[in-house]
Amino acid sequence: MLPGELKPILTAIVMPPASPLLLALLGVLVAARRRVRTGVAIAVLGIAALWLLSCYAVAAWLAQSVLPQAAPIRPAQLAQAQAIVVLGGGIAAQAPEYGAAQPNSYTLARLRYGATLARRTGKPLAFAGGVGWAAGADFPSEAEVARRTLQEFGVDLRWADGESRDTAENARRMRELLARERIARVALVTDAWHMPRARLEFEGAGFTVLPAPMGFPAAQTRVLLTWLPSTEGLTLSKQVLREALGMWVARGSAAVARWS
């Protein structure tokens, strides 16, 4: 097993919902050893953490508090870009209704926004995404699915990286592709919660990044419902915390590289 293949496994363990559930389980085990008060306190803490992290209001607060914020790109900024780069967010490998793999909701939304910017500006479009570490070996690359989807939008894809497995590789391989045409200033399209780490990686690869975030956290229900557990809240909390952890690791790796 390659080291990178451990990433999705370890991430799943330390991120919600697994981590709060493991904490609650620890409390049960402690209580079973006749340390009832301590065990109950630990179990309640785990359950409370899972409840709060599943609330969309808490998840949105985390997104604004834990991650650097990026505003929507302005026309004047977009005009400075030499190309638009869209980052993949995964695919649905099994889509029998279509008879072929399809972009998942994240990738589809990013492609739609990238296509909109490309039409609006006439800038060439690039896509970065291969087969992620968590995907099966027989999965098609995200780039292959993205190219087919963009054709349905009536937009051509000029560059496609179908080999990268994570954001760091997205940046390095896209740099190799675009450097051949002396392109270094790019409008980067990805979800707002992914933008801070994506920008960090692309700038580290030598790009001048003009952030073009989309998918900003926004409650789609009544305020009261945002304080009740939901899959949307839990998903956003997991994404935000994973990105915060990823930024910490990326910065640590960069610091080690500078000192070595």
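The values are calculated or read from the model by the stated rules, or taken from the named source; none is laboratory data. Computed from a prediction, not measured in an experiment: that's the story for all the values here. So basically every Cβ, Gly included, is an ideal-geometry build from the backbone, and we count neighbours across all protein chains shown. SASA here: full protein model, heavy atoms, side chains in, ligands and nucleic acids out. Shrake-Rupley method; radii C 1.70, N 1.55, O 1.52, S 1.80 Å.
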Exercise for review: Would you please name the residue that is farthest from R112 (Cα to Cα), looking only at residues in the stretch 128-174 that are among the hydroxyl-bearing types (S, T, Y) and not in a loop (DSSP other than H, G, I, E, B)?
Suggested key: T167
**Study point:** Top-ranked residue in the stretch 175-201 [being part of a helix (DSSP H, G or I) and touching a residue at least 60 places away in the same chain (Cβ under 8 Å); ranked as surrounded by the most Cβ atoms within 10 Å (Cβ to Cβ)]
**Key:** A198
Exercise for review: Give the residue, chosen from R258, R251, that is in a helix (DSSP H, G or I) and touching a residue at least 12 places away in the same chain (Cβ under 8 Å).
Suggested key: R251
Review point. How about the stretch 14-35: which of its residues are in a helix (DSSP H, G or I) and either at pLDDT below 95 or open to solvent by 50 Å² or more (accessible area, probe 1.4 Å) (or both)?
Key: V14, L21, L22, L23, L25, L26, V28, L29, A32
Point to revise | When residues of the stretch 105-129 are limited to those that are open to solvent by less than 60 Å² (accessible area, probe 1.4 Å) and of a type in the set (K, R), the one nearest to A187 (Cα to Cα) | key: K123
Review point. Looking at this structure, is Q102 polar (S, T, N, Q) and surrounded by fewer than 15 Cβ atoms within 10 Å (Cβ to Cβ)?
Key: no
Review point. Just checking, which of T11, T38 is assigned to a helix (DSSP H, G or I), of a type in the set (S, T, Y), open to solvent by less than 70 Å² (accessible area, probe 1.4 Å) and at pLDDT below 95?
Key: T11
Practice item. Within the stretch 91-107, track down each residue that is part of a loop (DSSP other than H, G, I, E, B) and more than 14 Å from the chain's Cα centre (by Cα). Key: A93, Q94, A95, P96, E97, Y98, G99, A100, A101
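Across the stretch 167-214, what is the total count of residues that are among the charged types (D, E, K, R) and in contact with a helix residue (DSSP H, G or I) (Cβ under 7 Å, 6 or more places away or on another chain)?
The total comes to 3.
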